1. Say the dipole of the chain comes from +1 at the beta carbon of Lys and Arg and -1 at that of Asp and Glu; which of M1, G59, Y24 then lies farthest toward its positive end?
2. Helix 159-168 versus the longest principal axis of the chain: what is the Cα-based angle in degrees, 0 to 90, to the nearest 10?
3. Using the Cα atoms of the chain to build a convex hull, what is its mean projected area in square nanometres?
4. Could you work out the relative contact order of the chain? I mean the mean sequence separation of Cα pairs under 8 Å and 6+ apart, divided by the number of residues, in percent.
5. With everything on Cα atoms, drop me the angle between helix 205-215 and the longest principal axis of the chain, reported from 0 to 90° to the nearest 10.
6. Using a simple charge model, +1 on the beta-carbon of Lys and Arg, -1 on the beta-carbon of Asp and Glu, nothing else, what dipole does the stretch 117-216 show about its Cα centre, in debye to the nearest 20?
7. Which Cα, out of F129, M204, L152, lies furthest along the positive dipole direction of the stretch 97-207 (beta carbon charges, K/R +1, D/E -1)?
8. What size of dipole, in debye to the nearest 20, comes out for the chain about its Cα centre when the only charges are +1 on Lys and Arg C-beta atoms and -1 on Asp and Glu C-beta atoms?
Amino acid sequence: MKITGLSAQQTNPNRINVFVDDKYRFSLEISQIASLGVRIGGEYSESELEQLEQESQFGKLYARALEYCLMRPHSAKEVRDYLWRKTQTTRYRSRRTGEIKERAGVSQALADRVLDRLVEKRYVDDEAFTRYWVENRNLTKGSSLQKLRAELRAKGVSPEIINQNIDDSTRNDQDELRKIIAKKQNRYPDRAKFIHYLARQGFMYDDIMSMLDESS
């Protein structure tokens, strides 16, 4: 079987449609066309074309995962969960017929390969993610260090990375309490209820009382 045509997609010029024996077969990223040596006139067996189709799937999934990673830093667990969802069969309604159909997910091996590439390129890095989270989470509204630790644990970050980055941070509970008290004290005319609220946010009782007395 022979590659008889290569044409850029109208909606995504960085993706190239590949025609085999004058029929559309799959698409590849421009970079994949070059790295895989795909060219018009190239001859392939069916098994070789199936391997190229796997590369097509890899390119599509990698592009989607990269876009997800560039929205904001994500932990490895968040990206792993995102890719796991892509392995699941999904149901959708056909725009043409209105019929409910199913779309098979990608293989777990392919999802793992995409994650490995993202880690290799440092788009997924728990150290960098944790620094971002500690520096930016509720920066103007205030957030206790205990709450930050709990959020990072929920995102799959190791205790060692969490502790190191929080220890290196200039954030402290006293300053964070001042932010919250300044913003929310007027919403809690009942002092006892406000104390309970602040305690639920992970602040120590002694710090709460000290900061409330300071703001009075």
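Every number in this text was worked out from the coordinates using simple rules, so none of it is lab data. All values reported here derive from a predicted model rather than from experimental measurement. Glycine gets a Cβ as well: all are built from the backbone with ideal geometry, and neighbour counts include every protein chain shown.
1. Towards the positive end, the residue furthest out is Y24.
2. That works out to roughly 60 degrees.
3. On the way: hull surface 70.7 nm².
For the Cα atoms of the chain, the hull's average projected area reads 17.7 nm².
4. Working: 245 pairs, mean separation 28.7, N = 216.
For the chain, the relative contact order is 13 percent.
5. 70 degrees
6. On the way: 19 positive and 17 negative charges, 129 e Å.
In total the dipole reaches around 620 debye.
7. M204
8. Numbers: 38 positive and 33 negative charges, 233 e Å.
In total the dipole reaches around 1120 debye.
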